[in-house]
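The values are calculated or read from the model by the stated rules, or taken from the named source; none is laboratory data. Predicted model only: the values in this text are computed from it and were never measured. When we count neighbours, we look across all protein chains shown, and the Cβ atoms used for this are built from the backbone with ideal geometry, even at glycine.
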Amino acid sequence: MKGLCDNEMKLEFSSKTSNEAFARVAVAAFVAQLDPTIDELSDIKTAVSEAVTNSIIHGYGDEEGTVKIEVKIYINTIEIEISDSGKGIEDVEIAMRPLYTSKPDLERSGMGFTIMESFMDEIKVESALGFGTKVKMKKKIEPKQQEDELTNTEDGEASWKRI
Amino acid sequence: MISEYVKEGKTLILRITEEVDQHTADKLRRKLDNEIEVYSPQKVILDCSGITFMDSSGIGMVLGRYKLVKMLGGNFEIINVNKRMKKIFDMSGVSRIITIIDEEEEENEGVM
Ligand SMILES: Nc1ncnc2c1ncn2[C@@H]1O[C@H](COP(=O)(O)OP(=O)(O)O)[C@@H](O)[C@H]1O
Ligand SMILES: [Mg+2]
């Protein structure tokens, strides 16, 4: 069973900034099944907003394209993949530096990747010039304490105990 | 966005009431700049209590308005910033440039 996720969803939409709110709300609604805190949910919404905005304004710019989102749930961990078939990034390492932006004219601050890094547990960026960009992010949703906990009873058998 | 101009003190209070992302920021900055240019206030207070979501688009939006107000010779202040917004403003260095009064500081002031 290893490698298979417990649940997944896929989403495709036009590269219009008016879809940013839809994208982050849709991901948040799907992730809600893990019972995240409001803070965890806000972290995820912010990171999704950053990556989706990047695909729209940097990946496609004035061109029309499709942004794809894939979300997978592995027990307590969510994995979000946001991709575009836009113009790609020449040097990912430079692009990810805090305050680096290729569009200061749009009042961009160059903090998108830094925010994704700080609000999620893990981020990986793959990009090819002329082909597009894929951002993969992971975050563990901490199980809530009042939930059922797996404990070992005296006879060594695992059982569920409510704490 | 809700805008209120207080004549004594020549203060313009701008309360943002939408989610701030690239999409809304485009329209917001036009509205905010228009209000600032119309009143040419001595002080602009950006009230963030009505912001339910903000990503990095908020950084450019705030810095851009700050620059405009400074250019017109006024003072600029941000109030009612929640923890998450504070984190984004701290990370980007906005907090070092602009006076930010966050929600907790406000509460403390009320107690004193
Ligand atoms: N999907 C993408 N396609 C092409 N370029 C991108 C993409 N995402 C990010 N970039 C590049 O990386 C830079 C940094 O991105 P980011 O940290 O989000 O800052 P900002 O969006 O404010 O410029 C962008 O200015 C752009 O040059
Ligand atoms: Mg960005």
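Return yes when A:Pro98 is more than 16 Å from ligand 2 (Cβ to nearest atom), under 23 Å from B:Asn82 (Cα atoms) and outside any helix (DSSP H, G or I) and no when it is not.
no
Considering only the stretch A:124-163, give the strands (runs of 3 or more DSSP E) lying wholly within it that have at least 1 residues that are modelled with pLDDT of 95 or more.
Hits in the stretch A:124-163: A:132-140.
Only residues that are within 15 Å of the chain's Cα centre (by Cα), in a helix (DSSP H, G or I) and either crowded, with 23+ Cβ neighbours inside 10 Å or within 16 Å of ligand 1 (Cβ to nearest atom) (or both): list them for the stretch A:1-30, please.
Answer for the stretch A:1-30, where residues must be within 15 Å of the chain's Cα centre (by Cα), in a helix (DSSP H, G or I) and either crowded, with 23+ Cβ neighbours inside 10 Å or within 16 Å of ligand 1 (Cβ to nearest atom) (or both): A:Glu20, A:Ala23, A:Arg24, A:Val27.
So which residues in the stretch B:28-51 are out of contact with any strand residue (DSSP E or B) (no Cβ under 9 Å at 6 or more places or on another chain) and either buried (at least 23 other Cβ atoms within 10 Å of the Cβ) or facing chain A (nearest Cβ under 10 Å) (or both)?
B:Arg29
For the stretch A:107-121, how many residues are more than 7 Å from chain B (Cβ to nearest Cβ), within 10 Å of ligand 2 (Cβ to nearest atom) and on the phi < 0 side of the Ramachandran plot?
Count: 2.
Condition check: closer than 23 Å to A:Asn7 by Cβ, near ligand 1 (Cβ under 10 Å from one of its atoms) and either among the small types (Gly, Ala, Ser) or within 9 Å of the chain's Cα centre (by Cα) (or both). Does A:Ala51 satisfy that?
For A:Ala51, the condition - closer than 23 Å to A:Asn7 by Cβ, near ligand 1 (Cβ under 10 Å from one of its atoms) and either among the small types (Gly, Ala, Ser) or within 9 Å of the chain's Cα centre (by Cα) (or both) - is met.
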